[in-house]
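Student: Before we start, here is the structure in question, set down as structure tokens.
The values are calculated or read from the model by the stated rules, or taken from the named source; none is laboratory data. Please read all numbers here as calculations on a predicted model, not as lab measurements. Cβ: placed from backbone, ideal geometry, glycine included. Neighbour counts: every protein chain shown.
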Amino acid sequence: MTKLTELHLSKADDVDVAEVAAGMEIADEVEKWAKAYKHHAKGLVLEQGLEIPGYKTVERKLASSVQGDAAETLVVLQDQGFDVKEQDMLRSSKPDMTALETLIKQRAATGKKGADATRMRATLLDGGILSSGGTSVSLQKEKKKTT
């Protein structure tokens, strides 16, 4: 069995490349095992309701993505009265949601920035142009409480 050793670039003169190759093989297997173990632990928490001491579930929103092309997105937004011009959409073939929201907020009347961004998102969702990102749940180590 290969002895697990620490590899430092400063010791490059006396490195046994066969040992490094063997260590890399072990590292790959350990990574696969760790990924599977974490997946199974998350399943125990989410599907069976078990609590793992020192860990908590954390839910986060995944990014939405534009499904339509720039021209289609432009037409839908203009039809709904948004101040979006063709040159605003020239940056890429698929518009970036963050950039679109920023643009809408910049051009919105005072006090309407959030409402207009929400309406723009709803317009694109209703038009089938925007795909909602959904959510992802992960297990994270709880931070120790300081007293």
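Student: For K61, are the conditions met, namely being more than 21 Å from the chain's Cα centre (by Cα) and surrounded by fewer than 16 Cβ atoms within 10 Å (Cβ to Cβ)? First the steps, then the outcome.
Tutor: Working: more than 21 Å from the chain's Cα centre (by Cα): no; surrounded by fewer than 16 Cβ atoms within 10 Å (Cβ to Cβ): yes.
Answer is no for this residue.
A quick yes/no check of all residues on (1) of a type in the set (D, E); (2) modelled with pLDDT of 90 or more; (3) in a helix (DSSP H, G or I):
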{"residue": "E25", "(1), (2), (3)": "yes, yes, yes"}
{"residue": "E31", "(1), (2), (3)": "yes, yes, yes"}
{"residue": "H39", "(1), (2), (3)": "no, yes, yes"}
{"residue": "K56", "(1), (2), (3)": "no, yes, no"}
{"residue": "K94", "(1), (2), (3)": "no, no, no"}
{"residue": "K105", "(1), (2), (3)": "no, yes, yes"}
{"residue": "G111", "(1), (2), (3)": "no, yes, no"}
{"residue": "A117", "(1), (2), (3)": "no, yes, yes"}
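Table: residues versus (1) touching a Phe, Trp or Tyr at 6+ places or on another chain (Cβ under 6 Å); (2) farther than 15 Å from G68 by Cα; (3) in contact (Cβ under 8 Å) with a residue 24 or more places away in the chain; (4) in the same structural domain as A34 (by TED's automatic domain parsing).
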site	(1), (2), (3), (4)
A99	no, yes, no, no
L103	no, yes, no, no
K112	no, yes, no, no
G127	no, no, yes, no
S138	no, yes, yes, no
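Student: Just need a number here: residues in the stretch 58-70 that are part of a loop (DSSP other than H, G, I, E, B) and in contact with a Lys or Arg (Cβ under 9 Å, 6 or more places away or on another chain). Talk me through it step by step, then tell me what you get.
Tutor: First pass over the stretch 58-70, keeping only residues part of a loop (DSSP other than H, G, I, E, B): 62-64, 67-69.
Checking which are in contact with a Lys or Arg (Cβ under 9 Å, 6 or more places away or on another chain) leaves us with 64, 67-69.
Final tally of qualifying residues: 4.
Here is a yes/no grid of residues against (1) without any contact (Cβ under 8 Å) to a residue 12 or more places away in the chain; (2) touching a strand residue (DSSP E or B) at 6+ places or on another chain (Cβ under 7 Å):
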{"position": "L46", "(1), (2)": "no, yes"}
{"position": "E51", "(1), (2)": "yes, no"}
{"position": "G54", "(1), (2)": "no, yes"}
{"position": "K61", "(1), (2)": "no, yes"}
{"position": "V75", "(1), (2)": "yes, no"}
{"position": "D79", "(1), (2)": "yes, no"}
{"position": "L90", "(1), (2)": "no, no"}
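Student: Checking K145 against (1) more than 14 Å from V76 (Cβ to Cβ); (2) at pLDDT 85 or above; (3) of a type outside the set (S, T, Y): exactly one of these is not met. Which one?
Tutor: (2)
Student: In the stretch 14-24, what count of residues is obtained for those that are surrounded by 11 or more Cβ atoms within 10 Å (Cβ to Cβ) and among the acidic types (D, E)?
Tutor: Count: 1.
Student: Which count do you get for residues in the stretch 76-107 that are exposed (fewer than 11 other Cβ atoms within 10 Å of the Cβ) and aromatic (F, W, Y)?
Tutor: The qualifying residues number 0.
Student: Moving on to the next point. Which numbered condition in (1) among the charged types (D, E, K, R); (2) within 23 Å of the chain's Cα centre (by Cα); (3) exposed (fewer than 12 other Cβ atoms within 10 Å of the Cβ); (4) at pLDDT below 90 is the only one that K35 fails?
Tutor: Every listed condition holds for K35 apart from (4).
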